[in-house]
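J.: Before anything else, here's the structure in question.
The values are calculated or read from the model by the stated rules, or taken from the named source; none is laboratory data. Predicted model only: the values in this text are computed from it and were never measured. Here the Cβ positions follow ideal geometry from the backbone for every residue, glycine too, while neighbour counts run over all protein chains shown. For accessibility, only protein heavy atoms count, side chains too; no ligands or nucleic acids. Shrake-Rupley method; radii C 1.70, N 1.55, O 1.52, S 1.80 Å.
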Amino acid sequence: MTYKGLIQKYKEYLPITNDTPSLTLLEGNTPLIKAINLSSKYGVSIYFKYEGLNPTGSFKDRGMVVAVAKAIEEGSNHIICASTGNTSASAAAYAARANIKCSVIIPSGKIAYGKLAQALIYGANVVAVDGNFDEALEIVKSLSDKYPITLVNSINPYRLQGQKTSSFEIIDALGDSPDYLCLPVGNAGNITAYWMGFNEYYVKNKCTSLPVVYGFQAKGSCPIVENKIFTHPETIASAIRIGNPVNWDNANKVVNQSGGSIEAITDEKIIEAYKLLASSEGIFAEPASCISLAGIIQKIELGEIKKQSTVVGILTGNGLKDPDIAIKNIKKVKSIMCDEKKIKEIIFK
Ligand code: AN7
């Protein structure tokens, strides 16, 4: 059957009524790619759910399509979000598609260039502020309380409803739950959504068990790990530069219920994994996403991911969103004379 988008496909699992408008950019339905080289290196079956192949290049599209459709159903014609980049790109795209207004508040100079380009080209009202994500979110919450604007950050429950569908696709692809699920944690919406998805789908689909969920935060921005608000979060993984996560309590519930944990990963390890993923599997994901691989490696080394087990890492965003980081972390390309002999010397060195 032709794929008609996430709402159509998972209607029975989503809060969809006869009045919910059909809205889609054919989000979801992303590939679960076996990491053949890393799997044989580590003796673990490693798969990546490549969410960077969604229409705007991140997992946010799954939740945004539902949030925007419901906003329209409820009579709204203006959505708003604070964002470290991907939410704003996604909100702007779906608002354009649905012909409604979109305002995005972003921390000035702290979002990847590709994401900024997206929000602008999709026609959102982009406001850059001298503050961080958490401060911007407080203002967005206050505005949406006072005025007729729909908040589409992950406090909006429809976001998590849409995002849970990725778990369904993982179970469908593997025929069972994986033993472990590894993913980045910022506002902790996604970890909450995945757990909801596995719980709603696994019995019906005769899975043997639920996965152990391991979430990862960047060391300079790890409020859940240290159990304290970070007022000045810092990390190279700008997508998860969040000091006071909205779904903090939910994240703790997920790790308690699944027998998992949330751990911190240094920026150095994030960049190592970022390069390793691209060079060993041909998959380019943004730094925040590569914390999944850095975390998988750490857990294998600690023996907390067992040999021969199956692990799924979530690659939340596309590497092309942030080419600056790639270029900064690879050795410089020097240009030379356009001469066959010189080129031959270099490529056969
Ligand atoms: C690539 O766009 O919060 O734990 O404003 O862009 O559900 O917050 C992005 C978050 C992981 C963290 N990976 O997910 C935003 C924003 C990428 C992201 C996360 C984000 P949550």
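J.: Per residue, how large is the accessible surface of region 60-155? Use a 1.4 angstrom probe and give square angstrom.
T.: Per-residue accessible area for region 60-155 comes out at 39 Å².
J.: Which value in deg cm²/dmol, rounded to the nearest 500, describes the helix-derived mean residue ellipticity at 222 nm for the chain, given -39,500 (n - 2.57) per DSSP H run of n ≥ 4 and division by the residue count?
T.: Values: 15 runs with 150 residues, N = 349.
Mean residue ellipticity at 222 nm (helix-derived): -12500 deg cm²/dmol.
J.: Residue by residue through region 39-56, which ³J(HN,Hα) values in whole Hz follow from phi under the Karplus form 6.51 cos²θ - 1.76 cosθ + 1.60 (θ = phi - 60°), with glycine and proline marked x?
T.: Once rounded to whole Hz, the list reads 4, 6, 4, 9, x, 9, 7, 9, 10, 10, 8, 8, 6, x, 8, 5, x, 9.
J.: Leaving ligands, DNA and RNA out of it, work out the accessible area of Trp248 with a 1.4 Å probe and give it in Å² to the nearest 10.
T.: Its accessible surface works out to 40 Å², give or take rounding.
J.: A follow-up question, please. What does the charge add up to near Gly317, with Lys and Arg as +1, Asp and Glu as -1, over the other residues with Cβ less than 9 Å from its Cβ?
T.: Working: positive: Lys60, Lys115, Lys321; negative: Glu51, Glu286, Asp322.
Local net charge: 0.
J.: If you rank Met64, Met337, Met1, Met196 by how much accessible surface each has, with a 1.4 Å probe, what is the order from largest down?
T.: Met1, Met337, Met196, Met64
J.: Given a Förster radius of 56 Å and the C-beta distance between Thr266 and Asn99 as r, what FRET efficiency does 1/(1 + (r/R0)^6) yield to the nearest 0.05?
T.: E between Thr266 and Asn99, to the nearest 0.05, is 0.80.
J.: A further question on this structure: Roughly how many nanometres apart are two label points built 7 Å out from the Cα toward the Cβ at Ser22 and Lys228?
T.: 5.4 nm
J.: Can you compute the modelled spin-label distance between Asn77 and Lys331, with each label point 7 Å from Cα toward Cβ, in nm?
T.: Roughly 5.9 nm, to one decimal.
J.: How much solvent-accessible surface does Ser76 expose, in Å² to the nearest 10, with a 1.4 Å probe and all protein chains in place?
T.: Taking all protein chains as shown, Ser76 has close to 20 Å².
J.: Select from Ser40, Ala119, Ile80 the residue farthest towards the positive end of the dipole of the chain; place +1 on Cβ of Lys and Arg, -1 on Cβ of Asp and Glu, and compute about the Cα centre.
T.: Ser40
J.: Here is a follow-up. For region 194-349, which whole-number percentage of the solvent-accessible area (1.4 Å probe, protein heavy atoms only) is attributable to carbon and sulfur atoms?
T.: 55 percent
J.: Which shape class applies to region 60-155: rounded if a/c is under 1.5, otherwise prolate when a/b exceeds b/c and oblate if not, where a ≥ b ≥ c are the square roots of the Cα gyration tensor eigenvalues?
T.: oblate
J.: Could you give the size of the charge dipole of the chain about its Cα centre, using +1 on the Cβ of each K and R and -1 on the Cβ of each D and E, expressed in debye and rounded to the nearest 20? Mind dumping the intermediate values first?
T.: Numbers: 37 positive and 33 negative charges, 155 e Å.
With Lys and Arg at +1 and Asp and Glu at -1, about 740 debye.
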